[in-house]
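The values are calculated or read from the model by the stated rules, or taken from the named source; none is laboratory data. Please read these numbers as outputs of a predicted model, since none were measured by experiment. Note: ideal-geometry Cβ built from the backbone for every residue, glycine included; neighbour counts use all protein chains shown. Surface areas here come from the heavy atoms of the whole protein model, side chains and all, with no ligands, DNA or RNA. Shrake-Rupley method; radii C 1.70, N 1.55, O 1.52, S 1.80 Å.
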Amino acid sequence: MSKTEPVDLSAFSVPGSGRGILDVFSYGYLLRLLVRKGILTRYHGSVLGWAWSYVKPTAQFFIYYVVMGVFLNLSRGIEAFPIYLFSGIVVVNLFNEAFGNATKSIVNNKALVKKIYLPRELFPIADVFIAFVHFLPQLSILIVVCLVFGWVPTFVQLAGALLAIFIVLLIATGLGLFFGSINVSYRDSQNLVDLILMFATWTSPVLYSFTMVRDKLPTWLFDLYMLNPLTSAVELFHSAFWFPTTSETAERPEHLWFFAGISVVVALVMLLIGQFVFRKLEGRFAQDL
Amino acid sequence: MPKTSELEPPRIIVEGVRKTYTLRHTQSFKETFVAWLKRKRTSTSFQALNGIDITVGDSEAIALLGYNGSGKSTLLKLVSGVLRPDAGRVLTRGRVAGLIEVGAGFHPDLSGRENVYLNAAILGMSKDEIDARFDEIVEFSEIGEFIDTEVKHYSSGMFVRLAFSVAIHTELDILLVDEVLAVGDAPFREKCKTKIREIVAAGKTLFIVSHDLGMVSDLCSRGIVLRRGEVVFDGAIGDAITTLKASTR
Ligand SMILES: Nc1ncnc2c1ncn2[C@@H]1O[C@H](COP(=O)(O)OP(=O)(O)OP(=O)(O)O)[C@@H](O)[C@H]1O
Ligand SMILES: [Mg+2]
């Protein structure tokens, strides 16, 4: 080559090297557009459109209510069982939607990942935001129903509900980055995730009360059960929405805020692990897809 | 030898770059495990680029020539950051806009307008920049009143025109073009060529891959010929085309 006199390299950058999730914030406008795209195209070509976001959770609620409440008579010990059920279901739905979609997001955005360099974390994160937007109709149904039943929450209870949403979104992002990056090379990943999602409904106190678990399990196993971030999120929602509509005599889990604090830490650690694995595998995305 | 400007530092530096593709033959955990048990190879590797050194200066228009599979797209993807080199390094100065494939970010169910915003943002533009250039983009694409129609109702030429128009109006210092001018009708291609010349005249750097030798010799002054992942010629465009024609795949 030509005689290379030393070039000042300070103005140069290495294409394709980013700061991971931190870069997503500098692409805020694109993130907004991606979320918007996801929302606009969601019910494209359907007559009912957004009404589906109300119909689906309502139908789901009725099935669980009839089977669990009426046939299996689980509602016996639980006051205002329908509200109990629904306030848990919405949390698990949020988790399932956010985690499930984030896992598939890299593969779904194949065309972009292969052709243009962007911080790829944008795609799972956009999917988590989209899941949150779809959670809002369900939350509004819940609020309306609770209001009908004389819901007057305290400030602390509402703060708990917000914390629960935060925990769920954080853990879904971490898990989504982790399984989503593995999914590029091994599509087993999304099947494994489907399995995890199936378990999610049953390993947290959505369809039954936590007391039933406590009475059956040894203490250490019950503690483990309570350490599940989804369990604290569901219980925080119960405290915020269901509890104030009852006579407030039902038993609540002890140390709920403590477990919620642990959940935040667990979710943050999961986010770090997810980001780490994502960055390790990211270099192969464009060629493996 | 390529002459780079004495005053300005180069725009793109490619130094000793090697790219090896690994072709995995397994798609699931199970297959990987079985192959491992049988001690079968789960992958083979392919050397797509081998020891590439290229320096591109300011306001240069360079054609990257070579037959199918010679590694042209791979090199462009390394410059845009989509792929990372296995050895050596790639450095760029300024904003890179890659037309590795126009319209990669287009969504068929969204209107032309929504797609313009989405794609321009994907190419790194901010909202204000897009707002300021929106009319110009639509004007250039000649899409007219179809701008509010869903993109899936466009003809393929219209689609490409809009996508190309977005890409070419992005704020950029380096434009990478891979085989995208082949589509679109003759008048539009003329217009694109004029626009590309304007971009080069404005001091931007152009790196273009094409099998259309006529167009390339029209637009570029320097040509690089790749053959099986190696640079076999780097110099004046006329000589590059001669070299290419004389070489085999
Ligand atoms: N993702 C990939 N995985 C494995 N091998 C690949 C991949 N992409 C390209 N290759 C191989 O690398 C070589 C160079 O491919 P490349 O796309 O760079 O060629 P090209 O010069 O752009 O060809 P064309 O003129 O057909 O566009 C080819 O032999 C191709 O098989
Ligand atoms: Mg190519």
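Numbers at a glance
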{"item": "Probe 1.4 Å, accessible area per residue of chain B, Å²", "result": "45 Å²"}
{"item": "For chain B: relative contact order, % (alpha-carbon pairs under 8 angstrom, 6 or more apart)", "result": "27 percent"}
{"item": "Chains B and A together, accessible area buried on both sides, 1.4 angstrom probe, square angstrom", "result": "3800 Å²"}
{"item": "A:Tyr208 - accessible surface, heavy atoms, 1.4 Å probe, Å² rounded to 10", "result": "40 Å²"}
{"item": "Cα centroid separation - the range A:41-56 against the range B:176-249, whole Å", "result": "48 Å"}
{"item": "Chain-alone versus full-assembly comparison, the range B:26-57, residues with accessible loss of at least 40 Å² (1.4 Å probe)", "result": "B:Gln27, B:Phe29"}
{"item": "Surface share of carbon and sulfur [accessible, 1.4 angstrom probe, percent] for chain B", "result": "51 percent"}
{"item": "Normalised alpha carbon radius of gyration of the range A:88-133 [divisor 2.2 N^0.38 Å]", "result": "1.26"}
{"item": "Charge dipole magnitude, Cβ of K and R +1, D and E -1 - the protein assembly as shown, Cα centre, debye nearest 20", "result": "1800 debye"}
{"item": "Prolate/oblate/rounded call for the range A:1-121, Cα gyration tensor, a/c under 1.5 rounded", "result": "prolate"}
{"item": "The range B:12-246: C-alpha gyration tensor shape, a/c 1.5 cut-off, then a/b vs b/c", "result": "oblate"}
{"item": "A:Ile182, A:Ile89, reordered so the largest accessible area comes first (probe 1.4 Å)", "result": "A:Ile182, A:Ile89"}
{"item": "DSSP-assigned coil residues among GluC sites (Glu not before Pro) in the range A:207-252, each with at most 10 further Cβ atoms within 10 Å", "result": "A:Glu248, A:Glu251"}
{"item": "5 angstrom amide H check on B:Leu65, placed H, neighbours 5+ away", "result": "B:Ile224, B:Val225, B:Leu226"}
{"item": "Paramagnetic label zone (point 7 Å from Cα along Cα-to-C-beta, B:Phe46; backbone N under 17 Å) in the range B:206-234", "result": "B:227-230"}
{"item": "Hull volume in cubic angstrom per residue (convex hull over the Cα atoms of the protein assembly as shown)", "result": "191 Å³"}
{"item": "Candidates B:Leu65, B:Leu37, B:Leu49: whichever shows maximal mean-square fluctuation once chain B is modelled as a Gaussian network with Cα springs under 10 Å", "result": "B:Leu37"}
{"item": "For the range B:12-246, with +1 on Lys and Arg beta carbons and -1 on Asp and Glu, the positive-most of B:Gly235, B:Val151, B:Val200 along the dipole", "result": "B:Gly235"}
{"item": "Alpha-carbon centroid distance for the pair the range A:257-289 / the range A:165-234, whole angstrom", "result": "15 Å"}
{"item": "Highest-MSF residue in chain B out of B:Leu64, B:Leu213, B:Leu176 [GNM, Cα springs under 10 Å]", "result": "B:Leu213"}
{"item": "Vicinal HN-Hα couplings computed from phi for the range B:217-224 (Karplus, 6.51 cos²θ - 1.76 cosθ + 1.60; Hz; Gly/Pro x)", "result": "6, 6, 8, 10, 10, 10, x, 10"}
{"item": "Gain on full stretching of the segment that runs from A:Trp220 to A:Thr41 - 0.36 nm per residue minus C-alpha separation", "result": "59.8 nm"}
{"item": "Exposure rule at most 13 other beta-carbon atoms within 10 Å, DSSP loop trypsin sites (Lys or Arg not before Pro): chain A longest free segment", "result": "A:20-289"}
{"item": "Rule-of-thumb Rg ratio for the range B:45-168 [Cα; 2.2 N^0.38 Å; N residues]", "result": "1.24"}
{"item": "Note, ³J(HN,Hα) from phi for the range A:118-129, Karplus 6.51, -1.76, 1.60, rounded to Hz, x at Gly and Pro", "result": "9, x, 5, 4, 3, 5, x, 5, 4, 5, 5, 5"}
{"item": "Distance from the range B:23-46 to the range A:72-150 (C-alpha centre basis), Å", "result": "37 Å"}
{"item": "Lysine pair count for the range B:1-148 [Cα-Cα under 15 Å; pairs on different chains or 8 or more apart]", "result": "4"}
